[in-house]
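To start, the structure itself, in C-alpha cells.
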Amino acid sequence: MALEAQEVEKIAHLARLGIDPDDISEYARNLSDILAFVEQLNSVDTRGVEPLAHPLDATQRLRPDVVTETDERENFLRNAPLTEAGLYLVPKVIE
Amino acid sequence: MHHKTLVELGAGLRQGAYSSEELTRACLDRVAMLDNQLNSFITVIEAQALQTARDADARIRSGAAGPLTGIPYAHKDIFCTRGVKTSCGSRMLDNFIAPYDATVTQQLNAAGAVMIGKTNMDEFAMGSSNETSFYGPVTNPWDSETVPGGSSGGSAAAVAARLVPVSTGTDTGGSIRQPAALCGITGLKPTYGRVSRYGMIAFASSLDQAGPFARTAEDAALMLGAMAGFDPRDSTSVERAPDDYTGGLNNSLQGLKIGLPKQFFGEGLDSGVAAAVEAALDEYRKLGAVITEISLPNSQLAVPTYYVVAPAECSSNLSRFDGVRFGYRAKDPEDLEDLYKRSRGEGFGAEVKRRIMIGTYALSAGYYDAYYLKAQQVRRLIREDFMRAFEQVNVIMGPTSPSVAFRLGEKSNDPVTMYLSDIYTIAVNLAGLPGMSIPAGFAADMPVGLQLIGNYFEEARLLNAAHRYQQVTDWHTRVPQGFE
C-alpha cells in the first residue's frame with residue numbers, strides 16, 4: 001500500500017496536523033513502509049476470531065453517579081495558553 | 001553510598017547510619033556531576049527533594065518507616081507530578097505544570113520515597129532509543145555512542161549509572177524491558193491493569209503499563225509492592241489486591257518449568273546475545289529448572305499487530321492536545337483550524353506525527369475493518385499462543401532484545417527497522433502478561449538482557465526466578481566505566 005502525497009495531506013488534515021510541504025514526500029515514504037509492513041496481517045486467516053480489545057477481556061466498570069471531584073477551575077486554567085473570565089480563549093469561530 | 005541497593009540503603013536509613021537528606025544530597029550531587037554525559041534527567045527538583053527527605057527522616061525517627069521511606073528515586077516524565085513540569089519528552093508539554101499527581105506518584109509519596117527529578121524519554125513514549133525526545137537523546141552509560149534503549153531511556157540510564165537506586169518506567173511495547181536490557185539493569189513490566197494508569201500520560205491505553213527499574217530483583221519487588229493496586233480512577237485497573245512480592249523471593253527453583261519459544265532464537269538474533277542467553281539458561285538448569293522448547297506460532301505477527309493497535313489508540317489519545325486548554329499553542333493563529341494544525345504540527349515531533357497519521361488512517365472510514373479489527377483479531381491469536389504455552393510451562397524465557405545497544409542515529413531514519421528492535425517484547429504487551437528483563441552477561445562488552453515472561457499476575461514468580469539467578473551470578477553488580 002503506497003500512499004500518495006495527496007493522501008498524506010488528507011490524513012494530516014483529518015488529524016489536524018500541520019505538515020511542512022517539504023516534508024510530505026518523506027512522510028509518504030515512511031507511512032507507506034509502515035503500511036507495507038503491517039500488510040502481512042492479511043496473510044492470517046482470522047475468520048470467526050473474536051477481536052481482543054482488553055487483554056483480560058474485562059468490561060467497563062460502572063461507579064455510582066455521585067460527585068467525587070472538587071472544583072479546581074483556577075488550578076486547571078493556569079496551564080491554558082489564553083483565558084479570560086474563567087474561560088478558554090480561541091480565535092473567533094463565528095463570523 | 002551509590003553502590004548500595006535499595007534494600008541496603010533502607011537498612012542504613014533505619015539504623016541511622018545516614019539520613020535521607022544526606023542520601024538525597026549524594027544522589028543530587030552525582031546527577032550534577034555526571035548527568036551532563038547522559039542527559040537522563042529533564043527536570044531535577046533539588047529543594048523539593050531535600051524537603052521531602054527531611055520529612056522522611058522525621059518519619060524514620062518516629063519509627064513509622066516502610067521499605068521505601070527516604071529512598072531517592074527518579075520518575076519518568078510521563079507521570080503527572082503536581083506542581084512539577086511534566087513534559088512527556090515533548091515540546092507540546094514543555095510548559096505543562098501538572099495540576100495533580102498520578103496515582104503512582106501518590107503511592108510512592110505515601111511510601112515516603114523521595115523523587116529527585118523527572119527523567120528523559122522518547123516523546124510520548126514513542127520510540128525504542130530515546131532519540132525522539134524533544135530534550136535530546138540519552139546516552140548509554142556503557143558506551144556514550146550508543147543508545148540506552150527506549151522509551152524509558154532516562155530512567156534506565158540513571159539507575160545503570162548509579163545516579164539513583166531505583167526509578168519508574170512505562171512499557172507499551174517493551175519500554176521498560178528493552179532499556180533495562182541495553183543498560184544492564186533489572187526492569188519489570190507488570191500484568192496489564194496491575195498498576196494504575198491514572199495520571200500516566202496515555203499513549204496506547206490497552207497496552208500501557210507502569211513498572212519499576214532497579215539493579216536487583218529484590219529492589220524491584222519492593223518498588224512493585226508500593227506501585228501495584230486497584231485504582232477506581234483507572235477504568236482498566238484490576239480489582240485484585242497486590243500479592244506479596246518479597247516473601248517468595250528465595251523459593252527453590254527445583255522443578256520450575258521454563259519454556260523457550262523457538263521463534264525467539266532464530267534469524268535476526270545476534271550471536272553474542274544468543275550465547276549469553278544460553279549461558280543464563282545453563283544457570284537455571286543448575287538451579288533445578290527444567291527447560292523445554294515451546295512454540296508461539298504467531299509471534300512474528302506481534303510487531304505488525306502492534307503498529308496498527310498502538311498508533312490507532314495513540315491517534316485517539318493525542319487528540320486532546322489541541323493548543324486550547326493546556327500545552328503548546330502556535331503563535332498568531334488565523335482561525336481555529338490554523339490554531340489546531342500549527343499547534344499540533346509544531347508541538348509534536350516526527351515520530352509522534354507518523355504514528356498519529358498511521359492511526360488516523362487505520363481508523364478512517366473504509367479502513368477500520370481491514371486494519372484495526374484485523375489487528376485485534378490477530379492479537380487474540382497471539383494471546384492464545386501464550387495461554388497454550390502456559391499449560392506446559394511456568395515461565396517463558398528468551399532474549400529481551402535481538403542485539404545489544406545500537407549506535408545513536410543507526411536506526412533513527414528507518415522507522416520499521418527501529419520497530420523490529422522490540423520484536424521479543426511486544427507480544428507480551430499485546431497479551432497483557434507480566435515480563436521482566438534481568439542482566440545476563442555481555443556481548444561485545446555491552447550488557448545483554450534475559451527476558452522472563454509469566455502468566456497473568458505471576459509477578460512474584462518472575463521476581464523469585466530473577467532473584468535466585470542474581471544470587472548465583474554477579475552481572476547485575478557490574479558498573480559501567482566512568483560511573484564507579
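The numbers here are math on the coordinates, done by the rules we state, and not lab data. All values derive from a computational prediction rather than experimental measurement. Positions of Cβ are generated from backbone atoms using ideal geometry, with glycine treated the same way; all protein chains shown enter the neighbour counts.
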In nm, spacing of pseudo-spin labels at A:Leu56 and A:Asn79 (7 Å Cα→C-beta vector) = 2.7
Put +1 on the Cβ of each Lys and Arg and -1 on the Cβ of each Asp and Glu in chain B; which of B:Val31, B:Leu381, B:Ala157 then has its Cα farthest toward the positive end of the dipole?
-> B:Leu381
Fewest first, what order do B:Met223, B:Met387, B:Met446 take by the number of other Cβ atoms within 10 Å?
-> B:Met387, B:Met446, B:Met223
Tensor-based shape of the protein assembly as shown (alpha-carbon gyration tensor, a/c under 1.5 rounded, otherwise prolate or oblate) = oblate
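If r is the Cβ-Cβ distance from B:Thr417 to B:Asp369 and R0 is 35 Å, what FRET efficiency results, to the nearest 0.05?
Approximately 0.75, to the nearest 0.05.
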With A:Leu89 itself left out, Lys, Arg at +1 and Asp, Glu at -1 over residues whose Cβ is under 14 Å from its Cβ give -1
Folded to 0 to 90 degrees: helix A:5-14 orientation relative to chain A principal axis, Cα = 30
Roughly what % antiparallel, to the nearest 5, for the DSSP beta bridges in the stretch B:6-252?
-> 65
Holding the Cα-Cα limit at 28 Å, pick out from A:Lys10/B:Lys374; A:Lys92/B:Lys118; B:Lys118/B:Lys257 the pairs that are longer than that.
-> A:Lys92/B:Lys118; B:Lys118/B:Lys257
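Among A:Lys92, B:Lys411, B:Lys4, rank each residue by its count of other Cβ atoms within 10 Å, from fewest to most, as a rough exposure measure.
Taking fewest neighbouring Cβ atoms as first place, the list is A:Lys92, B:Lys4, B:Lys411.
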Once you charge only the Cβ atoms, +1 for Lys and Arg and -1 for Asp and Glu, what is the size of the charge dipole of chain A about its Cα centre, to the nearest 20 debye?
-> 300
Gap separating the Cα centres of the stretch B:129-155 and the stretch B:349-411, nearest whole Å | 22
Per principal axis, largest first, the Cα atoms of chain B extend in Å by 63, 53, 44
Determine the dipole magnitude for the stretch B:400-484: charges of +1 sit on the beta-carbon of Lys and Arg, -1 on that of Asp and Glu, nothing else is charged, the reference point is the Cα centre, and the result goes in debye to the nearest 20.
-> 100
B:Asp338 versus B:Glu278: modelled label distance in nm, points set 7 Å from Cα along the beta carbon direction = 6.5
Evaluate the distance, in nm, between pseudo-label points positioned 7 Å from the Cα of A:Ser32 and of B:Asp29 along their respective Cα→Cβ axes.
-> 5.9
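Just rank B:Leu23, B:Leu462, fewest to most, by other beta-carbon atoms within 10 angstrom.
Ordered by Cβ neighbours within 10 Å, fewest first: B:Leu23, B:Leu462.
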